[in-house]
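The values are calculated or read from the model by the stated rules, or taken from the named source; none is laboratory data. Note that the structure is a prediction, hence the values are computed from the model and not measured. Don't worry about glycine lacking a Cβ; one is built from the backbone with ideal geometry, like all the others, and counts go over all protein chains shown. What goes into the accessible areas is simple: the full protein's heavy atoms, side chains included, and nothing from ligands, DNA or RNA. Shrake-Rupley method; radii C 1.70, N 1.55, O 1.52, S 1.80 Å.
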Amino acid sequence: MFEKILVEKEILHNQYTQHILNKLNTSAPIIIDKLDNHWGKVKKPYLQKRTNLNLFIGKKRGTLVKEAPDAYGLDGAPHFYFIHSYNCIYECQYCFLQGYFNTPDLVLYVNHDEIINEISKTLQKHPNAWFHAGEFSDSLALNHITNEWSEYWQFFKLNPKAKLELRTKSVNIKNILTLEPLKNVLLTFSLSPQDPSKEFDLKTPSTKVKIKAMRKLSDSNFQLGVHFDPIIYSDDIEKNYNTLITELLDNVNLELINYFSLGVVRYTKDVYRQVKINYPTSKLHSHPYIKSFDNKIRYSKPMRNWLLSSVKEILLSKGVPESKIYLCME
Amino acid sequence: MKLLCFAHRNEAKTFFERLKLSPLDASLKLFKSDNAFVLITGEGIQNTTESLSITLSRFNQINEILNYGVSASLNDTVQKNIIFSIRCAYQYFDDFSFKSFTSNDQQATTDLVSVHKRIYSPEDKMNLSIYANLLDMEAWAIGSVAKRFKKPWYCYKLISDSLHEYTQCEKIKGESESYSQRFWNHFENIVGHHEESLEVTNLISRDPDFHFTFSQLHLLDKYLQALNNRQAGFTQEFMSSKHFLAIKNQEIIKKEKTKKLLDLLYEKYDPITSREISRTKNAFNSLKALNLNFDHSEFIEKDLVKFKGQFQNNGEIQAIINSLSAIDLESIKDKIRDV
């Protein structure tokens, strides 16, 4: 799975480090002084992840919990995210990670006690806050190796006003199903219709399989969320989302879906440059982009409005209450 | 034309025999045949940077750079005596340089570190092997100069031996002639794959019934690329469509035809925005009587309208205020965005 495994000396004996090494059958990883002296220190091509992906295990330093950008999450509560990992094993063609870091190499941080401690401090100021994982990685894709969430579960059980969102494109829910469903912990899935997903979300499980995983969680009463983000234009987009939403609501209890977040594909200038380099013939480039109000590269406003209103209309027509739908980053 | 770069003349021996090269510049060690240049760069990053930069600045017919050379392996598991196509070249000079250069071989999966001096210590080997499996002294410079000159580059390295043996320069030099034969065989095999792809013929821009300015050609190219990406064979189908032929056969000047053609392509390229632009134009045309020069180019994205006006007395100011007050911008927005 990984070409090289590199571990920071300071956390070599951390229980999570040992767990990960054990799961990966690695008895002799490369020991490094500090992660920052190696990870991202040289510019590595993003698509190196296809053949030579390295794993770094380290200690997250600096700010452990950060305020989320505006227009993030449902209105009314403060939103924060925490970083337990950098980079992703999947390869979504539009992913911002390809222009964000200088390396595709994966980092798993293992000082979860310190991250939770910081979440606790944040809660003292913002008792109703939301905490999001998966901003720079997929929250569950490697959970079978990392197995960190039970510690967070315990914390959020004791802090029922706070909310935790684990965002994923994976179906790696085996460990999660062993945990107690909590009202304030949401497993949220990024979903796209089947065909665009096959084309753009490389190496991710198919939409059908994701819905199957959501069904299992729904049957066990876990709280869920859905991200239709990014929505990418295609000629049959209305038909595709109609099929997707029908299939989703046929399988998953709508009561357990806390929200549907809708966002249209967008990039920073640097990310878009990388997308063009990495995927020059992708159908992502078939529809025009403009530099929009916040200098991000997006579809034109009429196109964005049309896409968002089309998907929103389909949700409403299927009985999803308007209060559960929000537009992300618009 | 291709430029083949070697650090040492012996590595290029077979190329000299087969390509019938004649010297172009002895100080540069640059040679030319009917269809390729050969440059002996000398060993090291600085030599390579200098000689390649001078060559590319003097001969702009060079459109592709191929580097052949010997490399050491930093990892004992890497197979020896195989030619690897290099994906990414890093540079190490006491520490790693942030910049790396990725070759144009999208199938390549092997990375390499270019160093300034020979590496002996196991610690250095360990440190370098975190980033790549191969080691040389030129590839990073080739990538760096190629990028500066915007030329595609490819790099092929034969693993002579492991790092320990790599330091035995004399041994490597002794074998370089046989390496040269291997490089030539490799070159002969891949040369067909590197032939320039034919420029996609833009049939429309060559149609004598239209006249495109430079910026219009750029737009045409942008629209056609996207539309062909969306639907294979779009251009050919479009050119036989009645809409295209109607414009082509109109009795108007070429300039106007071209503008109509581009408007039509834009409608296909972005139908939703195109409709909103047209509605916006109509909405602001109806305000022409106000004698305010409106600029609504940023209206669609930012709801922003600019205008230019002039006044010489209070009466004229009041007239402008009255005109502006009469505009119901919210209802204009509703009309434009009524899907």
The stretch A:26-43: number of residues that are part of a loop (DSSP other than H, G, I, E, B) and either within 12 Å of chain B (Cβ to nearest Cβ) or open to solvent by 60 Å² or more (accessible area, probe 1.4 Å) (or both): 11
Has the stretch B:166-180 got any residue that is in contact with a strand residue (DSSP E or B) (Cβ under 9 Å, 6 or more places away or on another chain), buried (at least 17 other Cβ atoms within 10 Å of the Cβ), among the aromatic types (Phe, Trp, Tyr) and modelled with pLDDT under 85? yes
Consider only pairs whose beta carbons are under 9 Å apart and that are at least six residues apart or on different chains; among these, list those whose first residue lies in the stretch B:104-132 and is over 26 Å from residue B:66 (Cβ atoms) and whose second residue is open to solvent by 60 Å² or more (accessible area, probe 1.4 Å) and in a helix (DSSP H, G or I). B:120/B:164; B:125/B:164
In this structure, is residue B:75 within 12 Å of chain A (Cβ to nearest Cβ) and over 20 Å from the mean Cα position of the chain (by Cα)? yes
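Please verify whether the stretch A:233-244 includes one or more residues that are in contact with a strand residue (DSSP E or B) (Cβ under 6 Å, 6 or more places away or on another chain), among the hydroxyl-bearing types (Ser, Thr, Tyr) and open to solvent by less than 20 Å² (accessible area, probe 1.4 Å).
To start, the set of residues in the stretch A:233-244 that are in contact with a strand residue (DSSP E or B) (Cβ under 6 Å, 6 or more places away or on another chain) comprises none.
No - not one qualifying residue is present in the stretch A:233-244.
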The stretch A:311-328 - residue that is surrounded by fewer than 18 Cβ atoms within 10 Å (Cβ to Cβ) and not hydrophobic (A, V, I, L, M, F, W, C) and, of those, farthest from residue A:253 (Cα to Cα): A:313
Answer with yes or no whether residue A:102 is of a type outside the set (Gly, Ala, Ser), within 14 Å of chain B (Cβ to nearest Cβ) and open to solvent by less than 10 Å² (accessible area, probe 1.4 Å). no
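Evaluate the following for residue A:293: is it in contact (Cβ under 8 Å) with a residue 24 or more places away in the chain, out of contact with any Pro (no Cβ under 7 Å at 6 or more places or on another chain) and among the aromatic types (Phe, Trp, Tyr)? Walk me through it before giving the result.
On the way: in contact (Cβ under 8 Å) with a residue 24 or more places away in the chain: no; out of contact with any Pro (no Cβ under 7 Å at 6 or more places or on another chain): yes; among the aromatic types (Phe, Trp, Tyr): yes.
No, not satisfied.
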For residue B:80, state whether it is open to solvent by 70 Å² or more (accessible area, probe 1.4 Å) and touching a strand residue (DSSP E or B) at 6+ places or on another chain (Cβ under 9 Å). yes
Restricting attention to the stretch B:219-248, the residues that are loosely packed, with under 13 Cβ neighbours inside 10 Å and touching a residue at least 40 places away in the same chain (Cβ under 8 Å) number exactly 0
Of the residues that sit in the stretch A:269-300 and are surrounded by fewer than 17 Cβ atoms within 10 Å (Cβ to Cβ) and over 17 Å from residue B:301 (Cβ atoms), which one is farthest from the other protein chains (Cβ to nearest Cβ)? A:270
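Report yes if residue A:87 is closer than 28 Å to residue A:156 by Cα, out of contact with any Ser or Thr (no Cβ under 7 Å at 6 or more places or on another chain) and of a type in the set (S, T, N, Q), otherwise no. Full working, then the answer.
Details: closer than 28 Å to residue A:156 by Cα: yes; out of contact with any Ser or Thr (no Cβ under 7 Å at 6 or more places or on another chain): no; of a type in the set (S, T, N, Q): yes.
No; evaluated as a whole, the condition is false for this residue.
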Restricting to the stretch B:249-291, count the residues that are part of a loop (DSSP other than H, G, I, E, B) and buried (at least 17 other Cβ atoms within 10 Å of the Cβ). 2
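More than 14 Å from chain A (Cβ to nearest Cβ), buried (at least 16 other Cβ atoms within 10 Å of the Cβ) and either out of contact with any helix residue (DSSP H, G or I) (no Cβ under 8 Å at 6 or more places or on another chain) or free of Cβ contacts under 8 Å to residues at least 24 places away in the same chain (or both): is that true of residue B:214 in this structure?
Values: more than 14 Å from chain A (Cβ to nearest Cβ): yes; buried (at least 16 other Cβ atoms within 10 Å of the Cβ): no; either out of contact with any helix residue (DSSP H, G or I) (no Cβ under 8 Å at 6 or more places or on another chain) or free of Cβ contacts under 8 Å to residues at least 24 places away in the same chain (or both): yes.
So residue B:214 does not fit the description; no.
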Does residue B:57 satisfy the condition of being in contact (Cβ under 8 Å) with a residue 12 or more places away in the chain, outside any loop (DSSP other than H, G, I, E, B) and open to solvent by 60 Å² or more (accessible area, probe 1.4 Å)? yes
Considering the stretch B:83-101 alone, what residues qualify as being surrounded by fewer than 21 Cβ atoms within 10 Å (Cβ to Cβ), among the polar types (S, T, N, Q) and over 22 Å from residue B:42 (Cβ atoms)? B:85
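Does residue A:151 fit the bill of being buried (at least 19 other Cβ atoms within 10 Å of the Cβ), of a type in the set (Asp, Glu) and either at pLDDT below 95 or outside any loop (DSSP other than H, G, I, E, B) (or both)?
Details: buried (at least 19 other Cβ atoms within 10 Å of the Cβ): no; of a type in the set (Asp, Glu): yes; either at pLDDT below 95 or outside any loop (DSSP other than H, G, I, E, B) (or both): yes.
No: the conditions fail for residue A:151.
To keep it simple, each residue is scored yes or no on (1) modelled with pLDDT of 85 or more; (2) under 30 Å from residue B:66 (Cα atoms); (3) of a type in the set (D, E, K, R).
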residue: B:193; (1), (2), (3): no, yes, no
residue: B:205; (1), (2), (3): no, no, no
residue: B:215; (1), (2), (3): yes, no, no
residue: B:236; (1), (2), (3): yes, no, no
residue: B:257; (1), (2), (3): yes, no, yes
residue: B:262; (1), (2), (3): yes, no, no
residue: B:266; (1), (2), (3): yes, no, no
residue: B:292; (1), (2), (3): no, no, no
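For the stretch A:8-18, indicate whether the set of residues that are within 11 Å of another protein chain (Cβ to nearest Cβ), of a type in the set (D, E, K, R) and farther than 18 Å from residue A:84 by Cβ is non-empty.
no
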Select from the stretch B:102-131 the residues that are open to solvent by 50 Å² or more (accessible area, probe 1.4 Å) and among the β-branched types (Val, Ile, Thr) and write down the one among them that is farthest from residue A:53 (Cα to Cα). B:102
Please tell me if residue A:53 is outside any helix (DSSP H, G or I) and within 11 Å of chain B (Cβ to nearest Cβ). no
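Matching residues to (1) without any contact (Cβ under 8 Å) to a residue 12 or more places away in the chain; (2) open to solvent by less than 20 Å² (accessible area, probe 1.4 Å); (3) under 11 Å from residue B:68 (Cα atoms); (4) assigned to a loop (DSSP other than H, G, I, E, B):
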| site | (1), (2), (3), (4) |
| --- | --- |
| B:4 | no, yes, yes, no |
| B:10 | no, no, no, no |
| B:13 | no, no, no, no |
| B:16 | no, no, no, no |
| B:23 | yes, no, no, no |
| B:27 | yes, no, no, yes |
| B:37 | no, yes, no, no |
| B:43 | no, no, no, yes |
